[in-house]
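The values are calculated or read from the model by the stated rules, or taken from the named source; none is laboratory data. A quick note: this is a predicted structure, and the numbers were derived from the prediction, not measured. Note that each Cβ is placed from the backbone with ideal geometry, even for glycine, and that neighbours are counted across all protein chains shown. For the accessible areas, the whole protein counts, side chains as well, though only heavy atoms, and no ligand, DNA or RNA atoms are used. Shrake-Rupley method; radii C 1.70, N 1.55, O 1.52, S 1.80 Å.
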Amino acid sequence: MTASQFSAVFVAALALSLFVRLWLARRQIAHVAAHRAAVPAAFAARIGLAAHQKAADYTMAKQRLGIVETVVDAIVLVALTFGGGLALVFGWTERMDIAPLWRDVLLLIAIAIVGGIVSLPFSWWHTFRIEERFGFNRTTLKLWLTDIVKGLLVAIVLGLPLIVIALWLMGNAGALWWLWVWVAWLAFQVLMLVLFPTVVAPLFNKFSPLPAGPARERIEQLLARCNFAARGLFVVDGSRRSGHGNAYFTGFGRARRVVFFDTLLARLAPEEVEAVLAHELGHFKLRHVAKRVAWSAVLSLGFLALLAWLATTSWFYAGLGIPAQAVDIAMTRPGVALALFILALPVFTFVLSPLSALYSRKHEFEADAFASQNATAAALTQALVKLYEDNAATLTPDPIHSAFYDSHPPAAIRIARLEALGAHAAPAPA
Ligand SMILES: [Zn+2]
């Protein structure tokens, strides 16, 4: 392949992904707007018109911001590649009187800083305009800024060593460096599965054991049936930042835990807490975290092998904006290949997002089925309806948009499945 051929392939992929993203966003806005006037029949008895219209407006506001961000991200990507942004940073670092490894580290940090600066205004607008307008925001500017600083420190402490190790292996581990980087990446992933719930998340929020009370009593039997240690049950002070409620399952081994947002707990009846917990335990019992980790391990091995090959081809560099006369030097700098790869890869993998979303929705259905066996489908349905209402989640997503992006099944389909499961289940013991 020649550099100009690869440029053409990249431009075509970028144009296609941009077109599909914008088309999906327009579809979502149009679909939600078209269904704004009335609550869908399946929810008419449970959710009021005002809440339904708030969800529609909130969904459309987020989509509109997403459209702007998609366009800006594409412009920044073009500026960094064909616009010569990355080539410029490469030139600066090349002239620095430091070891080659540190030139590459600086190059990657510079690219990360550009990405961070571009995303900041969108994060600010999301929190202080959209979330604020719909009554969800509880973050102060001070807390928002503190979070950014903490996030940076976490990235430096945890991410920087990984980058240094990867770059060192790329330059020193021979032709099979990508296998060694893969091993380092897997070790990092496992480490993060342990460190995220136990060390990183507590830097941002307070986690406390689920307090005693009717909800706790009710779920202790469930935990015993599912062989899950009660010390793995936490409440997080999500209300510090936002009114949104949620629950999630995270970690593995001794670090595994189920986390409830205090905002959610405050809204749910004890049997609904039990049902949500049963759903989260379903993710644990059915090994969903392990399966996702296994898939990402396979994919990352493929991507690293691809990077190893691309790094040896001059068209990969020249096709993404490195000047022809600098390609030979760029090919001696693993950081340049890595930076170009990180920038270009999402343009090509975007078409895979429906597969990842489909896989996630499969797990959600499985966890719902588990919950309907170990708690009740009716209680989970009630809990989900409260979650949809409190989070202003749209009940009427565009089907294609949903199939492309949504990690959770659309509300109507999910509730219909739960109702079918509930109808077939044996009557619960009194
Ligand atoms: Zn789930």
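Could you give the dipole magnitude of the chain about its Cα centre, charging the beta-carbon of Lys and Arg +1 and that of Asp and Glu -1, in debye to the nearest 20?
Dipole about the Cα centre, nearest 20: 420 debye.
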For this session: Provide the net charge surrounding Phe136, with neighbours chosen by a C-beta distance below 13 Å and charges set as Lys +1, Arg +1, Asp -1, Glu -1.
Result: +2
Problem set entry | Of all DSSP beta bridges in the chain, antiparallel share, percent nearest 5 | 65 percent
Problem set entry | Heavy-atom accessible surface of the chain: percent carbon and sulfur, 1.4 Å | 69 percent
Exercise. How much net charge surrounds Ala379 when only other residues with a Cβ under 13 Å from its Cβ are counted (Lys, Arg +1; Asp, Glu -1)?
Worked result: -3
Exercise. Rolling a 1.4 angstrom probe over the protein heavy atoms, how many square angstrom per residue are accessible across the range 247-363?
Worked result: 42 Å²
Exercise. What residues have an amide H closer than 5 Å to that of Arg138, excluding those fewer than 5 places away on the same chain, when H is modeled at 1.01 Å from N in the peptide plane?
Worked result: Ser242, Gly243
Seminar exercise, completed: Residue by residue through the range 291-297, the couplings from Karplus 6.51 cos²θ - 1.76 cosθ + 1.60 with θ = phi - 60°, in Hz, x for Gly and Pro, are 5, 5, 4, 4, 4, 5, 5
For this session: In square nanometres and to one decimal, what's the mean projected area of the convex hull around the Cα atoms of the chain?
Result: 22.0 nm²
Exercise. Any idea which of His244, Thr396, Ile165 is furthest toward the positive side of the dipole for the chain, if Lys and Arg beta-carbons carry +1 and Asp and Glu beta-carbons -1?
Worked result: His244
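Show that you can apply the helix-only estimate: for the chain, add -39,500 (n - 2.57) for every DSSP H stretch of four or more residues, divide by all residues, and state [θ] at 222 nm to the nearest 500. Can you show the working numbers first?
Numbers: 19 runs with 289 residues, N = 430.
Computed mean residue ellipticity for the chain: -22000 deg cm²/dmol.
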For this session: Measure up Lys62/Lys142; Lys62/Lys206; Lys54/Lys386; Lys62/Lys291; Lys150/Lys386; Lys142/Lys206 against 25 Å on the Cα-Cα distance and list the ones that go over.
Result: Lys62/Lys206; Lys62/Lys291; Lys150/Lys386
